[in-house]
Amino acid sequence: MDPVTCWAITDGAAGNERQALALARALALEPRVVRIRVRQPWDALAPRLLAGASHAIRDEHGAALAPPWPDLAIGCGRRAALATRLLRDCSAGHARTVQILDPRIDSRAFDLVIAPAHDGISGDNVIRSIGALNPVDHAWLADGRARFARFAALPGPRTSVLVGASNRAQRLDAAYFSALLDRLEAWHTSDGGSFLVSVSRRTPRAVTESLRRAFANLPGMFWSSDADGENPYAGLLAWADRLVVTPDSVNMLSEACATGKPVYTYAPRAIGGKLAAFHAELAASGHLRALGDETPRPQPPPLAETAAIAELVRARWHATRRPLGTTSP
């Protein structure tokens, strides 16, 4: 009885790897993590240029992708799409391929494509999500509360603040953070409570140090790197009474909305590009509010997409071969 084998393939970007692993684990699989590097010109053209790709792709240890091929390959991101597309051919169809995010080529190059609605792709083999796949569910949050039980001592309401960085859709500069801090300090004046703050790897160091100084005057905690101890991200989501997330990150917003807590963002400038459609969909469903909007409204259920999408993947697999998460004779 052989277990279903699975590879989770990414370029090593944390957000991409998190999505691939979240789907694999929602399918009750323990994947081999494959972080790839791609030589030029295949890197620039990924996933379009397939000829010669087997010589251009190496894992983080410098090894070529080689059999035994997995039963299921889950890729996330453009470079991973080149590898999942290649695996479909190299394995003579043995490896079923699931590509997360718009691969920028015909979806029929893969068995399944999972992409957020704001990517704007469609097809018979496309499963559409609202946001990013993630591991946040009741059990994940319960584990976060247990691991970071010390946060219970912080005064409520506890506001978790998740900080990213500028991108093409929204500029987060000194004026942005000054205005954001004014609004959070006004909250503290009216409500009291504490702030649990985390910055991302993308946050510029100058911004991080400026925020650290500002939040030192308020109750709570601040985390920016391992120098501050264990990453408390799970605890921030689990212990929050409400969350404030900068508008740049689909992953952070998706995970915040998966908690079932009120989620706010501050976007003083019009959001551009595909990110605007994502924000609009979250706002329409009631999962995301503008910071400062205190209009009473029902809190929607958690944005729990990963488990539902995993069931759709399982159903597609079941229709063509043995069920995922089971063993074969």
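Tell me, please, whether a residue that is in contact (Cβ under 8 Å) with a residue 60 or more places away in the chain, surrounded by 13 or more Cβ atoms within 10 Å (Cβ to Cβ) and not β-branched (Val, Ile, Thr) can be found in segment 193-214. Among the residues of segment 193-214, not one is in contact (Cβ under 8 Å) with a residue 60 or more places away in the chain, surrounded by 13 or more Cβ atoms within 10 Å (Cβ to Cβ) and not β-branched (Val, Ile, Thr), which makes the answer no. The requirement of being more than 25 Å from ARG212 (Cα to Cα), out of contact with any Phe, Trp or Tyr (no Cβ under 7 Å at 6 or more places or on another chain), small (Gly, Ala, Ser) and assigned by TED's automatic domain parsing to the domain that holds PRO247 is fulfilled somewhere in segment 143-157, by at least one residue. Looking at this structure, is ILE121 in the same structural domain as ARG37 (by TED's automatic domain parsing), in contact with a Lys or Arg (Cβ under 9 Å, 6 or more places away or on another chain) and either free of Cβ contacts under 8 Å to residues at least 12 places away in the same chain or not in a strand (DSSP E or B) (or both)? Here the answer is yes, as ILE121 does meet what is asked.
Evaluate the following for LEU154: is it among the hydrophobic types (A, V, I, L, M, F, W, C) and modelled with pLDDT of 95 or more? For LEU154, the condition - among the hydrophobic types (A, V, I, L, M, F, W, C) and modelled with pLDDT of 95 or more - is met. Selection over segment 208-233 of residues that are within 17 Å of PRO135 (Cα to Cα) and out of contact with any Phe, Trp or Tyr (no Cβ under 7 Å at 6 or more places or on another chain) gives a count of 1.
Condition test on ALA73, is it of a type in the set (A, V, I, L, M, F, W, C), assigned to a helix (DSSP H, G or I) and under 23 Å from the mean Cα position of the chain (by Cα)? The answer is no for ALA73.
Of the residues making up segment 229-249, those that are touching a strand residue (DSSP E or B) at 6+ places or on another chain (Cβ under 7 Å) and in a helix (DSSP H, G or I) are TYR233, LEU236, LEU237, TRP239.
When segment 258-293 is filtered for residues that are out of contact with any Pro (no Cβ under 7 Å at 6 or more places or on another chain) and part of a helix (DSSP H, G or I), the ones remaining, listed by number, are LYS274, LEU275, ALA276, ALA277, ALA280, GLU281, LEU282, ALA283, ALA284.
If you go through segment 125-168, how many residues are crowded, with 21+ Cβ neighbours inside 10 Å and hydrophobic (A, V, I, L, M, F, W, C)? Residues flagged as crowded, with 21+ Cβ neighbours inside 10 Å and hydrophobic (A, V, I, L, M, F, W, C) within segment 125-168 amount to 8. Checked against (1) farther than 13 Å from GLY235 by Cβ; (2) in contact (Cβ under 8 Å) with a residue 12 or more places away in the chain; (3) not hydrophobic (A, V, I, L, M, F, W, C), SER160 meets all criteria but (1). The condition (being of a type in the set (A, V, I, L, M, F, W, C) and in contact (Cβ under 8 Å) with a residue 60 or more places away in the chain) is satisfied by just one residue among LEU65, LEU27, LEU45, LEU49: LEU27.
The values are calculated or read from the model by the stated rules, or taken from the named source; none is laboratory data. Here the structure is a predicted model, which is why all the values come from computation and not from measurement. Cβ coordinates were reconstructed from backbone atoms using ideal geometry, including for glycine residues, and neighbour counts include every protein chain displayed.
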